[in-house]
Amino acid sequence: MSIRDGIFTTVAVALSGVALAGLLGTDAYSQAAGAEARGLKALSMQVELGSEACVDELDPRWASLPEGAAR
């Protein structure tokens, strides 16, 4: 059983490596990574704009504003 498990593991790792190399060799991976980066940037900009619009000097819930934030 041990030899069979070792052979199966070796074949699985080799196939995984070939599949990963095939994926990285195409533009699919770079396009997906670029789309994710653009989405994250858009989301962070919306959160930043939304939090600046909601800041109220008298509201105690904003006690942990970053340094330099408008108060």
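Check whether at least one residue in the range 51-67 is modelled with pLDDT of 75 or more and of a type in the set (Val, Ile, Thr), and report yes or no.
No, the range 51-67 contains no residue that is modelled with pLDDT of 75 or more and of a type in the set (Val, Ile, Thr).
What are the pairs, 6+ residues apart or on separate chains, where a residue within the range 1-26 that is of a type in the set (Asp, Glu) has its Cβ under 9 Å from a residue that is open to solvent by 70 Å² or more (accessible area, probe 1.4 Å)?
none
When the residues of the range 20-32 are filtered to those that are loosely packed, with under 10 Cβ neighbours inside 10 Å and not β-branched (Val, Ile, Thr), which remaining residue is modelled with the highest pLDDT?
Looking at the filtered set, the residue picked out is Ala21.
The values are calculated or read from the model by the stated rules, or taken from the named source; none is laboratory data. The model shown is predicted, which means the values in this text are computed figures rather than measured ones. All Cβ positions, even for glycine, are placed from backbone atoms using ideal geometry, and neighbour counts span all protein chains on display. To get the accessible areas, we keep the full protein, side chains included, count just its heavy atoms, and leave off ligands, DNA and RNA. Shrake-Rupley method; radii C 1.70, N 1.55, O 1.52, S 1.80 Å.
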